[in-house]
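Quick note: the coordinates plus some simple rules give every number you see, no bench work behind them. Keep in mind that this is a model prediction, so the values were computed, not measured. Neighbour counts are summed over all protein chains in view; Cβ atoms, including those assigned to glycine, are modelled from backbone coordinates with ideal geometry.
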Amino acid sequence: MFFEPLLSKSQQISCASCHDPEQRWADGKRKAIGHQQQQHDLNTPSIINVAFLSELFWDGRAESLEAQVIQTWQSPIEMAANIPAAVERIQNNSNYSAQFEAAFGDTQINAGRIATAIANYMRTITLTDTRFDQFMRGDRTALTAPEIKGLHVFRTKGQCMNCHHGALLTDNDFHHLGSSFHHQGNFKGRYAVTAKPEHVGAFRTPGLRGVSATAPYLHNGFARSLEALLNLYNDGWWQNAPDPNDDSGIPYAKLSPLINELNLSREELTQLQAFLHSLDGSVEP
């Protein structure tokens, strides 16, 4: 189902169109391209390790993978499907009856089962063993000297662990980094879900496993490379000044208090980038 274009209105787009296994389960584009070549206002996040997330999408509006699948399936800018019509196309495809019977115990095909099948497949897409993990298990040869120095920067002066910690290297929270501009593109972030002023411009902290292979970065694809991304963090991002003529009623985003100038040297930035490359490895399936 994940690779099946019959699910989309055009019958040309599948989940894999944006989450390509050859692109580390993303698409390598600054912003996603969907139905009828529409450009999304968001970058396609990799779906590696989504099995372990409790809130999906950049703004966290979906609380399960099944909900995320349904929302993407019917989004007018993504797959744009009329779900009953899409289900009928799958029902009329003789190749699927036996597969659904094997998976669910009978040949019934409906939207819920399709969403479950896709979600369960996505749960298998994991990256859990990297050279960093091997190093943490005691293999002191798993990381190079620059990578070990980069790990030290990551843990200390770089302040990366404020948001990137734990097994997935994410706090599973939402932060405004300064990468959103008021009234430009998708700038609301988590605010669109909670309507809390402190959530304006706050987007989900992505995990870092496989990060070196999933450029461009940020919710809007603003950073084209790891080097560019680290330079932005090093400079402390920026805070947009409120517009006195703005009468939208939407509060201005406040920069996360965790963001500040890091003053890392060029050597430290290079070491940090080297460490981030150690977080890649074999992705299942």
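Temperature 4 °C, viscosity 1.567 mPa s: under these conditions the Stokes-Einstein estimate for the stretch 1-128, based on its Kirkwood radius over C-alpha pairs, is 87 µm² per second.
Only the Cβ atoms of Lys and Arg (+1) and of Asp and Glu (-1) were treated as charged; on that basis the dipole of the stretch 155-268 about its Cα centre amounts to roughly 360 debye.
Only alpha carbons enter this Debye calculation for the chain, each as an equal point scatterer, and the log10 of I(q)/I(0) it gives at q = 0.13, 0.16 Å⁻¹ is -0.94, -1.29. Modelled label positions at GLU261 and ASP247, each set 7 Å beyond Cα in the direction of Cβ, lie 3.9 nm from each other.
The peptide list 101-109, 200-208, put in order of mean Cβ contacts within 10 Å with the highest first, becomes 200-208, 101-109.
As a proxy for reagent exposure, ranking THR170, THR194 by other Cβ atoms within 10 Å from fewest up yields THR194, THR170.
By the count of neighbouring beta-carbon atoms within 10 Å, fewest first, GLU4, GLU63 end up ordered GLU63, GLU4. Among LYS29, LYS196, the order by Cβ neighbours within 10 angstrom, fewest to most, reads LYS196, LYS29. The convex hull around the C-alpha trace of the stretch 131-277, projected and averaged over every direction, spans 9.1 square nanometres. Can you pull the percent of Cα pairs in the stretch 70-127 with separation above 20 Å? Tail of the P(r) past 20 Å holds 30 percent of the pairs.
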